[in-house]
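Encoded as structure tokens, the structure appears first; notes follow it.
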Amino acid sequence: MPKVQAILEGILKKDALTASRLLRAVDDQDPKTIEILEKIYPERKPSQVIGLTGPPGVGKSTLIDALVAKEREGGACVGVLAIDPSSPFTGGALLGDRIRMSRHASDPDVFIRSLASRGRMGGLSASLQDSLVVMQAMGYSPIFVETVGTGQDEVEVLRVSHTTLVVLAPGLGDSIQSLKAGIMEIADIYVVNKADKDSARTLQSEIEDLIGMKAYAPEDWQPRVILTSPAYDQGLKELQEAIKAHWTYLNKAGRRRLKEEQIAKQLVIGRMQDKILHLLETKLNHLLEGAWKDEILNPYTMSNKLFERFKQQVVDET
Amino acid sequence: MEKKVRLLIGKVGLDGHDRGVKIVARALRDAGFEVVYTGLHQTPEAIVNMAIQEGVDAIGLSILSGAHLELFERVLCLLKEKGATIPVFGGGIIPPEDIVALKKMGVKETFTPGALTDQIVKWIEDNIVPQSL
């Protein structure tokens, strides 16, 4: 198919129009993209994927804007994938992350793409990993991923990034919040943003306590806590250095290969999950349709029975 | 496959009035579209670059500064230069004779004060097709 070849060449030449169309088709989950993605995958350059997560309004987009500026000083070509939520009612979305990054809008070496979560849970969009593959093949490095503003439990970003940043800001809760499970466990680097505010130091020491409670082997990466305030150009250089230090750490002792194996596995699981869930939903709906005709059956008995039946079918088929 | 209409909604030039454009962006979101909102004070170059990177199906610009003829012309010209075929529509305080000029220039539709958000939604539904590979 000549079109596939043209798209592949366009991507490798970093052609924005081609990339944009492909990313769109990927986001729409056009089945035609599978063949293209398969061909693009081996062409990826080794670029660090940096995931930023954290509650809404802590300054993730502003921080990315500042980090992109720092990377541009060094001449890097930078990619950004920023996710905002889709409406559960209309499916519409207002994607506003790039408002904070508008100083890079005319820079051809910065590619920013906004994605709507389109119903996917976990803070990402279903198309995120495929979009990353496209950007890596185009040679953007590093690539920043900004999750939907998250609560406590959206940890998916960890599974698709080399380096995970949890961005927090003072004033969001007391020290108990930092003891809870979930996003407070996933960071390679904790960023206390809006550090010009008074209580930033308190939050910093709470997080440091949290890190101190865990025993790290000397060769292990020990999470760092960095105070930043993009408005005052505070802590950005330090943050950039910490991100680079984590990349250096990953590039030793085969750690990066291991990480990338996990990322690739996640891509397989993601694609399979979507397909299997869809199949399952259709099948389950079909099974339930007849069963509930006369009366509402006990859902516990029903689900047990259905699961046994399903298991039997899977076992039979394999 | 899940096809969605994606739009870039923004403000170009020296114009700080964003109440209207925010209402429009919100209404388009509620209509089920994906709306990339650019914020204030964008240059035509930035608008065109963003529209290309974001893979949108149309660009909607709000201009209340009176510079609509110059700004729309520049946006259309840059799109052509870059080989992007993205339809452009807009809104603002635009005299009737300028609307004629804008349409001649290639602006697909204009909405002036008093236009209902439903009208804008309807126009998009009827005229904007989600792109595909």
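The values are calculated or read from the model by the stated rules, or taken from the named source; none is laboratory data. Nothing here was measured: the structure is a model prediction, and the numbers come from that model. Don't worry about glycine lacking a Cβ; one is built from the backbone with ideal geometry, like all the others, and counts go over all protein chains shown. Surface areas here come from the heavy atoms of the whole protein model, side chains and all, with no ligands, DNA or RNA. Shrake-Rupley method; radii C 1.70, N 1.55, O 1.52, S 1.80 Å.
Descriptive notes on the structure:
- Where trypsin sites (Lys or Arg not before Pro) fall in DSSP loop in the range A:165-261, at most 11 other Cβ within 10 Å: A:K214, A:K252
- Accessible area expressed per residue, chain A, with surrounding protein chains retained (probe 1.4 Å, Å²): 51 Å²
- For the range A:243-318, the list of chymotrypsin sites (Phe, Trp or Tyr not before Pro) that fall in a loop by DSSP and count at most 16 other C-beta atoms within 10 angstrom reads A:W292.
- Gaussian network model of chain A, springs between alpha carbon atoms under 10 Å - residue of A:A264, A:A105, A:A291 with greatest fluctuation: A:A291
- Excluding exposed DSSP-loop GluC sites (Glu not before Pro) (at most 12 other C-beta within 10 Å), longest clean stretch of chain A: A:1-218
- Once both labels are positioned 7 Å from their Cα atoms along Cα-to-Cβ, the gap between A:D209 and A:E9 label points is 6.2 nm.
- The calculated pair-distance distribution of the range A:1-41 uses every alpha carbon pair, bins of 5 angstrom beginning at 0, and gives 6, 26, 37, 27, 4 percent.
- Placing +1 on the Cβ of every Lys and Arg and -1 on the Cβ of every Asp and Glu, with nothing else charged, gives the range B:6-126 a dipole about its Cα centre of roughly 80 debye.
- Other-chain or far-sequence residues with amide H under 5 Å of A:S114's (modelled H): A:A82
- Long-range amide H partners of A:V191 with built H, under 5 Å: A:V166, A:V167, A:L168, A:I226
- Residues with amide H under 5 Å from that of B:Q42, placed H, sequence gap 5 or more: B:K11, B:V12, B:G13
- With viscosity 0.890 mPa s and temperature 25 °C, the Kirkwood radius over alpha carbon pairs of the range A:268-317 converts through Stokes-Einstein to a diffusion coefficient of 201 µm²/s.
- For the range A:99-109, backbone phi angles converted through the Karplus equation (6.51, -1.76, 1.60; θ = phi - 60°) give residue-by-residue couplings of 4, 6, 10, 5, 5, 9, 4, 9, 8, x, 8 Hz, Gly and Pro being listed as x.
- Contact order for chain A, expressed relative to its length and based on alpha carbon pairs under 8 Å spaced 6+ residues apart, stands at 17 percent.
- Counting only other chain Cβ atoms within 10 Å of each residue's Cβ, the peptide A:21-27 averages 5.
- Fraction of accessible area attributable to carbon and sulfur, the range A:44-253 (%, probe 1.4 Å): 50 percent
- The overall shape of the range B:6-126 is rounded: from the C-alpha gyration tensor, with semi-axes ordered a ≥ b ≥ c, the ratio a/c is less than 1.5.
- For the chain pair B and A, buried accessible area totals roughly 3000 Å², probe 1.4 Å, rounded to the nearest 100.
- Among the chymotrypsin sites (Phe, Trp or Tyr not before Pro) within the range A:67-169, those in coil by DSSP and having at most 16 neighbouring Cβ atoms inside 10 Å are A:F89.
- Shielding by partners for peptide B:44-55, expressed as the average number of C-beta atoms from other protein chains within 10 Å of each residue's C-beta, is 6.
- Report note on the peptides A:28-34, B:22-28: ranked by the mean count of other C-beta atoms within 10 Å, highest first, their order is B:22-28, A:28-34.
- When every Cα-Cα distance of chain A is counted in 20 angstrom steps from zero, the calculated P(r) takes the values 29, 52, 18, 1 percent.
- Each Lys or Arg adds one and each Asp or Glu takes one away; over the other residues whose Cβ falls under 9 Å from the Cβ of A:A116, this sums to 0.
- Averaged over the residues of peptide B:127-133, the number of Cβ atoms from other protein chains lying within 10 Å of each residue's Cβ is 4.
- GNM top mover of A:A169, A:A16, A:A195 - chain A, alpha-carbon springs below 10 Å: A:A16
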